[in-house]
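Since the structure comes first, as structure tokens, the remarks are kept for the end.
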Amino acid sequence: MAPKYHNLPEMEGVTILASPEEYLEGLDMMEFKIQERLEGKQRDHVATVVVYNLTELVVELNSEALDSLAYVLDKGIRAGYGSLVMSSPLITKHIDVVSKTARSYKQAILALRLSDQSVLTVTNKPVREPQLEEQEHYYVSDGLASRMKVLMI
């Protein structure tokens, strides 16, 4: 899922939902499939739902689509629909149900200093933190941060 004016290229095997009609149709289908798989206790990985630029996307979605997306992000992992949410630090200012769900994630990759963000609570935050190098990011899991190098293509 991506906002209306995104710069994502066409990719083989990837479906990009980028219009209100596509959002509703895709989310309804995913919600139905997740409910079906939960009832059948099917847990094997089927797909990864990538939400590109969440802060712009939530502005374009109506309340029904927001509820469906929150359901997919919350319950999807139990039915084989993993999720990846890309956002800016502005996610803390949004009060919608999807932003709240994304903020509740326990794992994240941060491309900024730990002291410059307020989304995650990190227990091992350094006192004096230098600027991150170009490929350097933080991987945060359950409140513990570790530095990592990210391949940027």
Exercise. So which residues in the range 62-93 are in contact (Cβ under 8 Å) with a residue 40 or more places away in the chain and surrounded by 15 or more Cβ atoms within 10 Å (Cβ to Cβ)?
Worked result: Ala65, Ser68, Leu69, Tyr71, Val72, Lys75, Gly76, Ala79, Gly80, Tyr81
Exercise. Of the residues that make up the range 27-44, is at least one in the same structural domain as Lys93 (by TED's automatic domain parsing), within 23 Å of His94 (Cα to Cα) and either free of Cβ contacts under 8 Å to residues at least 24 places away in the same chain or not charged (D, E, K, R) (or both)?
Worked result: yes
Problem set entry | Every residue from the range 138-153 that is surrounded by 13 or more Cβ atoms within 10 Å (Cβ to Cβ) and under 11 Å from Leu114 (Cβ atoms) | Tyr138, Val140, Ala145
For this session: Check every one of the helices (runs of 4 or more DSSP H) wholly within the range 52-116 and list those with 2 or more residues that are of a type in the set (Asp, Glu).
Result: 54-60, 63-75
Exercise. Looking only at the range 28-65, which residues are touching a helix residue (DSSP H, G or I) at 6+ places or on another chain (Cβ under 9 Å) and among the hydrophobic types (A, V, I, L, M, F, W, C)?
Worked result: Met30, Ile34, Leu38, Val46, Ala47, Val49, Val51, Leu54, Leu57, Val58, Leu61, Ala65
Seminar exercise, completed: Taking the range 100-135 and keeping only residues that are charged (D, E, K, R), under 20 Å from the mean Cα position of the chain (by Cα) and over 26 Å from Tyr71 (Cβ atoms), one is left with Arg113, Asp116
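A quick yes/no check of all residues on (1) within 18 Å of the chain's Cα centre (by Cα); (2) surrounded by 15 or more Cβ atoms within 10 Å (Cβ to Cβ); (3) of a type in the set (D, E, K, R); (4) part of a loop (DSSP other than H, G, I, E, B):
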| position | (1), (2), (3), (4) |
| --- | --- |
| Leu8 | yes, no, no, yes |
| Gly13 | no, no, no, yes |
| Leu17 | yes, yes, no, yes |
| Glu25 | no, no, yes, no |
| Phe32 | no, no, no, no |
| Gln35 | no, no, no, no |
| Asp44 | no, no, yes, yes |
| Val49 | yes, yes, no, no |
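The values are calculated or read from the model by the stated rules, or taken from the named source; none is laboratory data. Values in this document were obtained by computation on a predicted structure and should not be read as measured data. Please note: Cβ atoms are built from the backbone with ideal geometry, for glycine as well, and neighbour counts cover all protein chains shown.
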